[in-house]
Protein chains: 2
Amino acid sequence: MSMWARVAARRLRGAPTKLLWETSPFGYQPLREAVADHLQLARGVRCSWEQVAIVTGVQEALDLAARIFLQPGDRVCVEDPGYVGATRLLEAYGARITGMSVDSEGAVVPRGSVRDVRLAYVTPAHQFPLGVTMSIARRLALLDWARRTDALIFEDDYDSEYRYSGRPIPALQGLDTRGSVIFAGTFSKVLFPSLRLGYLVVPSDLVERIAAVKSLSTRHAPVLEQAILCDFMVEGHFMRHLRRMREVYAERVSVLLDYGRERLGGLLDISPVEAGLQTVGWLPGTVSDVRAAREAAQFDVEVVPLSIYSRKRLEREGLQLGFAAVDPPELRRGVEDLERVLTALTRNTSITPGARRNSTKSRRPRDA
Amino acid sequence: MSMWARVAARRLRGAPTKLLWETSPFGYQPLREAVADHLQLARGVRCSWEQVAIVTGVQEALDLAARIFLQPGDRVCVEDPGYVGATRLLEAYGARITGMSVDSEGAVVPRGSVRDVRLAYVTPAHQFPLGVTMSIARRLALLDWARRTDALIFEDDYDSEYRYSGRPIPALQGLDTRGSVIFAGTFSKVLFPSLRLGYLVVPSDLVERIAAVKSLSTRHAPVLEQAILCDFMVEGHFMRHLRRMREVYAERVSVLLDYGRERLGGLLDISPVEAGLQTVGWLPGTVSDVRAAREAAQFDVEVVPLSIYSRKRLEREGLQLGFAAVDPPELRRGVEDLERVLTALTRNTSITPGARRNSTKSRRPRDA
């Protein structure tokens with residue numbers, strides 16, 4: 001934040017009048033260039049800066065895509081369990097929703113019986129909420145399906161900036177050769193939630209239509225913020241921030257996994273995670289995730305029941321665990337609290353929270 | 001700008017973490033309070049801060065209203081001539097558009113034969129593009145019509161912050177007693193176009209629905225910008241800026257009117273203007289406004305033909321003239337160039353622009 005403030009102060013002091021008048025719908029050109037460069041290197045996205053639109057976040061990116069592509073009654077495939085904010089938005093446009101199940105390779109390609117799909121919404125880099133990274137084979141299969149069925153793919157890459165293990169796999173967008181993938185991500189998760197700057201990468205032939213729709217709805221992102229972010233990236237602060245936070249978060253995830261394994265055996269089976277800011281823990285069959293989350297909240301431990309992300313009954317219930325905003329001592333205390341809660345729930349005994357903790361709420365896992 | 005930079009630097013240096021996490025859909029509470037206070041004093045808007053949503057501008061405000069209230073096929077009344085950005089957006093939601101003509105008292109209340117109107121979009125403070133301020137009698141008649149027909153009114157108050165003459169008339173919103181007016185305005189026109197912060201004042205019973213829709217589309221406005229704007233208002237810089245710019249603009253409009261009367265008699269009849277940043281000049285019947293604007297552009301004089309704002313053939317064509325972004329010497333030169341252009345057009349002779357001027361483009365009249 002102090003670096004952000006310094007960059008901002010310098011940028012605002014010297015802001016040329018031109019910057020105050022700049023109103024291009026896709027945003028501030030130098031930032032679009034910086035984003036294109038970054039996505040090329042970090043995510044294997046293939047694009048020119050002209051294809052990059054600066055938006056408030058993934059939510060607006062999906063909203064713009066929905067405005068252009070969806071007619072009421074159109075079929076859209078979404079991951080199940082998946083990101084509810086996307087499903088709700090798509091439903092608001094009158095889409096008929098079909099779930100895609102998620103296995104260890106990511107979202108499962110829809111069967112041939114699922115016809116007339118206009119759009120598929122996926123989170124391949126780090127499936128929301130399960131945390132799976134989509135395999136390269138699955139990515140190619142999904143692209144092949146899109147080619148055969150003439151569907152568009154919306155690739156939501158909301159938090160894969162932080163990778164702890166495994167080799168980075170190129171974005172679907174970078175593997176696609178037909179201009180059928182729309183790619184979106186956000187800076188609000190890697191920098192700070194209240195920022196509201198993200199990006200949308202669109203196939204070249206859609207640039208004009210998306211610009212027209214952006215101009216009719218929110219016109220363009222605020223320019224001074226964009227200029228500050230651009231300086232922050234060009235001067236290397238952004239990459240330094242990512243490297244530093246990656247170390248911090250890598251430590252946190254390993255504390256959660258190691259201490260979880262030590263204390264939560266038989267109670268919560270925490271999945272290892274290759275990237276992102278959250279993972280999941282699977283519950284024993286007898287424990288309701290909604291109940292577990294409610295009891296954990298009594299200890300000010302904020303976990304999210306996976307069942308709220310699903311339109312069907314889950315085979316196994318679980319909890320989404322955000323680890324990024326909680327330091328190691330707090331994470332250990334959280335694990336201990338979960339142990340207490342889950343032990344009581346499995347034995348069907350009551351829990352005495354004792355003195356409530358000071359608020360140690362973990363960050364909401366999704367607000368992109 | 002230097003004051004904005006100073007306020008921003010201070011605010012960012014001391015930004016508490018809380019500010020980085022703030023993600024309420026309606027925006028930063030202290031700014032909502034400051035806006036509510038300001039609108040009460042400056043525009044006679046009656047609202048509590050809870051009814052104020054911070055948005056990117058009037059365009060997004062109208063977009064949010066359309067999402068909630070419009071179904072494809074719904075009838076919407078708009079002023080004609082009127083703001084094309086509104087009409088296009090409403091048409092994108094499938095609205096059937098009916099024009100309201102505009103006379104010297106503002107938009108004319110729709111006739112009884114115009115039935116089933118869901119929404120009327122109006123600019124009472126300073127009609128766009130004609131510049132008329134709606135009379136109090138017409139305001140009351142419009143509210144009465146809305147009551148009888150159960151229509152909602154969207155009041156776009158995009159630039160009336162600057163008033164040069166006449167008594168301020170309370171906003172429709174402040175005269176309404178039934179919660180049937182949605183009021184919107186923007187800071188981008190009074191501060192700087194690239195800012196993208198505006199406001200929407202909604203009836204209390206709609207707060208939750210609008211918040212839900214805002215959250216699904218762009219989530220919330222960027223918070224640091226909101227905090228900076230809030231400080232700027234609370235510390236009095238905003239009112240000082242308004243007072244100072246009102247003087248600057250008042251001088252400019254009087255230069256335009258006086259010098260225009262002196263040089264453009266019989267060629268362009270420039271309307272006096274009580275408020276805002278632009279006015280209109282009426283052409284002789286023989287001159288096409290599109291042609292006149294095109295010829296004026298050869299001299300780098302940017303004027304907008306009124307006919308582009310209308311869905312029907314205008315009885316008399318004219319030019320929209322933005323005076324706010326052009327200093328007096330430049331305004332005088334612009335009047336002289338218009339004299340040359342219009343003299344040639346009325347006499348049907350050709351024009352020699354001679355050496356082109358340096359770019360002296362006036363600000364686009366509408367980008368709220």
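The values are calculated or read from the model by the stated rules, or taken from the named source; none is laboratory data. On a predicted model such as this, the values are computed, not experimentally measured, just so you know. Positions of Cβ are backbone-derived with ideal geometry, glycine not excepted, and every protein chain shown enters the neighbour counts. We work out accessible area using only protein heavy atoms, side chains counted, and drop any ligands, DNA or RNA first. Shrake-Rupley method; radii C 1.70, N 1.55, O 1.52, S 1.80 Å.
For B:Arg148, are the conditions met, namely being touching a residue at least 60 places away in the same chain (Cβ under 8 Å), part of a helix (DSSP H, G or I) and open to solvent by 40 Å² or more (accessible area, probe 1.4 Å)? So B:Arg148 fails the test. Here the condition is being over 26 Å from B:Ala66 (Cα atoms), at pLDDT below 95 and among the hydrophobic types (A, V, I, L, M, F, W, C); of A:Phe238, A:Phe192, it holds for A:Phe192 alone.
Residue count for segment B:214-263 under the criterion of being touching a helix residue (DSSP H, G or I) at 6+ places or on another chain (Cβ under 6 Å), β-branched (Val, Ile, Thr) and open to solvent by 30 Å² or more (accessible area, probe 1.4 Å): the result is 1. Selection of segment A:72-89 for residues being more than 10 Å from chain B (Cβ to nearest Cβ) and either over 19 Å from B:Thr23 (Cβ atoms) or surrounded by fewer than 24 Cβ atoms within 10 Å (Cβ to Cβ) (or both) yields A:Gly73, A:Asp74, A:Arg75, A:Val76, A:Cys77, A:Val78, A:Glu79, A:Asp80, A:Pro81, A:Gly82, A:Val84, A:Thr87. Among all residues of segment A:337-344, there is none that is open to solvent by 10 Å² or more (accessible area, probe 1.4 Å), assigned to a loop (DSSP other than H, G, I, E, B), in contact (Cβ under 8 Å) with a residue 24 or more places away in the chain and under 20 Å from A:Pro272 (Cα atoms). Does segment B:123-132 contain at least one residue that is part of a strand (DSSP E or B) and aliphatic (A, V, I, L, M)? No, segment B:123-132 has no match at all.
Tallying residues that are within 14 Å of chain A (Cβ to nearest Cβ) and either touching a Cys at 6+ places or on another chain (Cβ under 8 Å) or modelled with pLDDT under 95 (or both) within segment B:26-44 yields 3. Checked against the criteria, A:Val76 counts as in contact with a helix residue (DSSP H, G or I) (Cβ under 6 Å, 6 or more places away or on another chain) and in a strand (DSSP E or B). Within segment B:48-70, the set of residues being part of a loop (DSSP other than H, G, I, E, B) and either in contact with a helix residue (DSSP H, G or I) (Cβ under 7 Å, 6 or more places away or on another chain) or more than 10 Å from chain A (Cβ to nearest Cβ) (or both) comprises B:Ser48, B:Leu70. The requirement of being within 14 Å of chain B (Cβ to nearest Cβ), buried (at least 20 other Cβ atoms within 10 Å of the Cβ) and in a loop (DSSP other than H, G, I, E, B) is not satisfied by A:Ala325. In segment A:16-35, the residues that are under 21 Å from A:Met239 (Cα atoms) form Cβ pairs under 7 Å with partners that are acidic (Asp, Glu), at six or more places apart or across chains, as follows: A:Tyr28/A:Glu22.
Taken over segment A:299-320, the criterion of being open to solvent by less than 10 Å² (accessible area, probe 1.4 Å) and out of contact with any Asp or Glu (no Cβ under 8 Å at 6 or more places or on another chain) is satisfied by A:Gln320 alone. Of all residues in segment B:82-122, exactly one satisfies the criterion of being of a type in the set (Phe, Trp, Tyr) and assigned to a strand (DSSP E or B), namely B:Tyr121.
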